[in-house]
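K.L.:
Here's a structure for you.
The values are calculated or read from the model by the stated rules, or taken from the named source; none is laboratory data. All values derive from a computational prediction rather than experimental measurement. All Cβ positions, even for glycine, are placed from backbone atoms using ideal geometry, and neighbour counts span all protein chains on display.
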Amino acid sequence: MPIGPKNIVIHELIGLGVVIVNHSDPSLIGLRGTIVDETLKTLLLETDRGKKRVPKKGGIFCFRLPDGRWTLVRGEEILFRPWERTKRGYKAFLRRRPKVFEGPCVEI
């Protein structure tokens, strides 16, 4: 199944572009980059200024899908270990009502 706005919560995130549109840590808002690693509670982004580890909890992330569209994901929806998300993240997948954008999320 190809990655899309609804099933992004059960797919691999490494390699996707991301923009942080809201976060409990205001210094992270607007940060953009490419995901290079993922743990249970964090995403590691490759940014223009180097690598930055960002907590998933408390964030709203805008991911760029392979087809060029963008979709919003709450950090709590992906708060799993990457290999567990395909099993345990399935409930979040079933409840998910995605927001999809043609342009970048920073214009929201």
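K.L.:
Of all residues being surrounded by fewer than 16 Cβ atoms within 10 Å (Cβ to Cβ) and touching a helix residue (DSSP H, G or I) at 6+ places or on another chain (Cβ under 8 Å) in the stretch 56-75, which is farthest from G30 (Cα to Cα)? Just the residue, please.
P.N.:
Within the stretch 56-75, the first condition is being surrounded by fewer than 16 Cβ atoms within 10 Å (Cβ to Cβ), and the residues that meet it are 57-58, 66-69.
Narrowing the set further to residues that are touching a helix residue (DSSP H, G or I) at 6+ places or on another chain (Cβ under 8 Å) leaves 57-58.
Working: K57: 16, G58: 14 Å.
So, considering only residues that are surrounded by fewer than 16 Cβ atoms within 10 Å (Cβ to Cβ) and touching a helix residue (DSSP H, G or I) at 6+ places or on another chain (Cβ under 8 Å), the one farthest from G30 (Cα to Cα) is K57.
K.L.:
Ok, one more. Would you mention how many residues in the stretch 56-77 are in contact with a strand residue (DSSP E or B) (Cβ under 8 Å, 6 or more places away or on another chain), over 11 Å from I8 (Cα atoms) and either assigned to a loop (DSSP other than H, G, I, E, B) or among the hydroxyl-bearing types (S, T, Y) (or both)?
P.N.:
Adding up the residues that qualify gives 3.
K.L.:
Is it the case that some residue within the stretch 63-72 is of a type in the set (S, T, Y) and out of contact with any Pro (no Cβ under 8 Å at 6 or more places or on another chain)? Step through it out loud before you land on a result.
P.N.:
Residues of the stretch 63-72 that are of a type in the set (S, T, Y), as a first pass: 71.
Okay, now just the ones that are also out of contact with any Pro (no Cβ under 8 Å at 6 or more places or on another chain), so none.
No: zero hits.
K.L.:
Here's something else I'd like to know. Counting just the residues of the stretch 30-41 that are within 14 Å of F63 (Cα to Cα) and surrounded by fewer than 16 Cβ atoms within 10 Å (Cβ to Cβ), which one comes out nearest to the chain's Cα centre (by Cα)?
P.N.:
T34
K.L.:
Scan the stretch 29-61 residue by residue and report those that are in contact (Cβ under 8 Å) with a residue 12 or more places away in the chain, of a type in the set (A, V, I, L, M, F, W, C) and under 24 Å from E84 (Cβ atoms).
P.N.:
I35, V36, L40, L43, L45, V54, I60, F61
Quick grid of which residues meet (1) more than 20 Å from P98 (Cα to Cα); (2) at pLDDT 95 or above; (3) among the acidic types (D, E):
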| residue | (1), (2), (3) |
| --- | --- |
| H11 | no, no, no |
| V21 | no, no, no |
| S24 | yes, yes, no |
| G33 | yes, yes, no |
| V36 | yes, yes, no |
| L40 | yes, no, no |
| L45 | yes, yes, no |
| K51 | yes, yes, no |
| K57 | no, yes, no |
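K.L.:
Looking only at the stretch 12-28, count how many residues are surrounded by 14 or more Cβ atoms within 10 Å (Cβ to Cβ), free of Cβ contacts under 8 Å to residues at least 60 places away in the same chain and outside any strand (DSSP E or B).
P.N.:
The first filter runs over the stretch 12-28 and keeps only residues surrounded by 14 or more Cβ atoms within 10 Å (Cβ to Cβ), leaving 12-13, 16-23, 28.
Still in the list and also free of Cβ contacts under 8 Å to residues at least 60 places away in the same chain: 16-18, 20, 22-23, 28.
Remaining after also requiring outside any strand (DSSP E or B): 16, 28.
Selection size over the stretch 12-28: 2.
K.L.:
Another question about this same structure. Which ones in the stretch 1-11 are surrounded by 14 or more Cβ atoms within 10 Å (Cβ to Cβ) and part of a loop (DSSP other than H, G, I, E, B)? Quick ask: steps written out before the conclusion?
P.N.:
Taking the stretch 1-11 and keeping what is surrounded by 14 or more Cβ atoms within 10 Å (Cβ to Cβ), we get 3-11.
Within the stretch 1-11, I3, G4, P5, K6, N7, H11 qualify.
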